[in-house]
1. Measure nothing fancy, just the Cα-based angle from helix A:27-42's long axis to the longest principal axis of chain A, in degrees from 0 to 90, nearest 10.
2. How much of the accessible area of chain A, probe 1.4 Å, is carbon plus sulfur, in whole percent?
3. For segment A:294-345, what is Rg from Cα atoms divided by 2.2 N^0.38 Å, rounded to two decimals?
4. What does DSSP give for chain B in terms of the percent of beta bridges that are antiparallel, rounded to the nearest 5?
5. Have a look at A:Ser167, A:Gly393, A:Phe21 and report the one farthest towards the positive end of the charge dipole of chain A, computed about the Cα centre with Cβ charges (Lys/Arg +1, Asp/Glu -1).
6. Can you give the calculated 222 nm mean residue ellipticity of chain A, where each DSSP H run of n ≥ 4 adds -39,500 (n - 2.57) and the sum is split over every residue, rounded to the nearest 500 deg cm²/dmol?
7. What is the calculated FRET efficiency for A:Lys137 to B:Glu107, with r their C-beta to C-beta distance and R₀ = 45 Å, to the nearest 0.05?
8. Could you tell me the total accessible area buried at the B-A interface, probe 1.4 Å, in square angstrom to the nearest hundred?
Amino acid sequence: MSHDIVSDKLLKLNFQIISVFLNYKNWHEGLENVFSLVGNEVNVDRIYYWDIHIDFLTGQELTSQRFEWVKNGIKPMIDNPELQNLPIDVAADFMTPLLQNNPFESIIRELSPGQTKEILQAQDILSILVLPIYIDKKLYGFIGFDDCTKERKWSSTELDFLQSITSNLSSAIQRHLAIDRLEVKTNELKIINSELEQFAYIASHDLQEPLRMVSGFLNLFEKKYSNIVDEQGKLYIDYAVDGTIRMKKIIKDLLDYSRIGKTKESVEEFDFSEIIDNVISLYSDKIKNKSAQVKVSNSIKIKTWRSPLTQIIINLLDNSLKYSKAEVAPVVEVFVMEQQHHYYFQFNDNGIGIDERYFSKIFVIFQRLHTKEEYEGSGVGLSITKKIIDNLGGKISVNSDLGKGTTFSFIIPKLQ
Amino acid sequence: MVPIKKKSIKILLIEDNEGDIILTRETLKEGKISNELICIKDGESAIDFLVKIKSFAISEIPDLVLLDINLPRINGHEVMDFINKDEILREIPVFMLSSSDAQKDVEVSIKNNAHHYLFKPLDLDAFMLGIGKINSFWLNIIKIN
């Protein structure tokens with residue numbers, strides 16, 4: 001066989017091996033497959049993978065054999081307890097080059113007497129080649145190739161091939177480590193997020209208690225002793241009472257915000273007009289007071305959770321009514337449409353509008369664009385709306401002409 | 001049926017917060033509701049009290065229980081559950097007092113047959129509304145003129 005044909009075959013095999021590594025979710029499974037492909041090709045008796053690990057009882061760095069492929073008729077070593085949990089400094093001749101990211105290649109007979117020679121001879125090895133897997137600048141593991149039938153010198157083609165396998169394995173391991181790390185991070189974020197929500201709930205819930213005392217006793221004081229304090233004193237009490245009222249509202253909003261997504265309601269199919277009619281009748285007083293008009297041009301059948309969608313509609317309608325122009329009767333137009341993968345909703349109003357500069361700010365919790373005197377509110381309404389939509393897997397977007405009106409559009413994905 | 005004239009009604013307030021006790025007392029005073037207010041500060045003692053009074057002085061059984069949900073050791077829901085399971089005690093109207101509008105608290109209270117659910121601090125109008133729902137003979141006579 002000519003040299004070129006060999007390297008051509010090895011090249012093909014290398015491609016095959018890369019695809020094995022790419023395909024396997026778990027690189028361990030890929031390894032067994034790769035070992036048998038390689039073993040048959042380069043004519044060795046054993047191929048094995050060892051990794052470096054830490055014994056948490058002693059803090060010691062150890063190395064153990066994890067996977068092995070053996071040719072027919074060769075004695076497997078995978079169950080040999082002598083080849084498990086060896087301290088990494090045990091066979092210095094063997095480990096030192098690996099720890100420095102160099103291969104270890106040897107004909108066992110030529111080794112000077114010592115631990116390395118004993119360990120290798122005990123496995124009937126005549127020739128050995130071991131390649132380090134170096135990740136993050138340290139030894140992560142190694143792959144070994146044993147010849148138990150002859151003393152051999154590896155050709156440079158074989159060496160290149162085995163090196164490239166090892167480096168492919170090393171990439172595969174790194175890729176999986178990165179994915180693992182990402183998963184760990186994602187989980188950490190999930191935990192932090194739920195802890196934050198829990199925190200917001202507990203904080204706001206527990207804040208109510210002392211606040212109730214402050215407002216309760218302020219009210220009592222006002223009732224019983226307002227005749228004995230002067231005007232200045234009454235003013236102070238007014239300010240304090242006003243403060244407690246606003247704080248109560250903020251705490252309530254915070255509680256509402258932290259409770260989003262905690263209902264265990266089931267999915268229903270209903271007509272959109274049912275929801276909008278309910279909301280309109282719920283807000284009939286407010287609509288009448290503002291001489292507002294709510295125009296609903298159409299309706300579709302929707303399958304989702306009823307109460308979050310209702311809450312979104314309430315918040316958007318409330319927002320339109322609140323930020324209406326003083327001199328113009330508010331008109332809110334609602335439009336709904338079914339698409340392939342989602343439902344689309346649009347709310348148009350003829351209110352004061354929002355400056356484009358503030359589009360990104362309006363969904364931020366406690367972000368207000370107006371003073372208390374202009375428009376009351378704690379700045380939670382739209383952030384709650386966004387959070388509900390996020391929770392449903394949807395998206396909300398705003399568009400507005402300052403002084404002309406605002407359009408809120410949102411989508412909710414259809415449930416499969 | 002001729003109502004038995006009572007001078008005042010006996011209210012058992014189960015509440016651990018000193019401030020809320022004072023506020024409740026003031027609200028009842030403000031509503032000119034002639035009452036004898038017994039305060040017990042935790043669920044365990046409240047149950048002990050009810051058990052004792054049931055066996056020794058049935059006439060002393062309170063006409064109304066105001067029961068805070070958030071109590072140390074044995075909470076209001078557990079006290080309510082106990083009252084509800086006792087054939088004699090379950091006749092007493094119980095108003096649950098809560099500092100939250102947590103859906104869960106309201107649901108549990110309804111499940112336990114609480115007569116009414118009130119937010120703290122006790123609001124006189126809400127309290128009177130609750131009283132109005134009790135179908136009991138002493139209702140007509142609780143107000144001092």
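1. 30
2. Working: 12680 of 23540 Å².
The nonpolar share, carbon plus sulfur, comes to 54 percent.
3. 1.32
4. 5
5. In chain A, that residue is A:Gly393.
6. That calculation yields -16000 deg cm²/dmol at 222 nm.
7. On the way: r = 58 Å, r/R0 = 1.30.
After rounding to 0.05, the efficiency reads 0.15.
8. It comes to approximately 1100 Å² buried between B and A.
The values are calculated or read from the model by the stated rules, or taken from the named source; none is laboratory data. None of these values were measured; they are calculated from a predicted model. Using ideal geometry, Cβ is built from the backbone for each residue, glycine included, and neighbour counts are taken over all protein chains shown. These area figures cover heavy atoms from the full protein model, side chains too; ligands, DNA and RNA do not enter into them. Shrake-Rupley method; radii C 1.70, N 1.55, O 1.52, S 1.80 Å.
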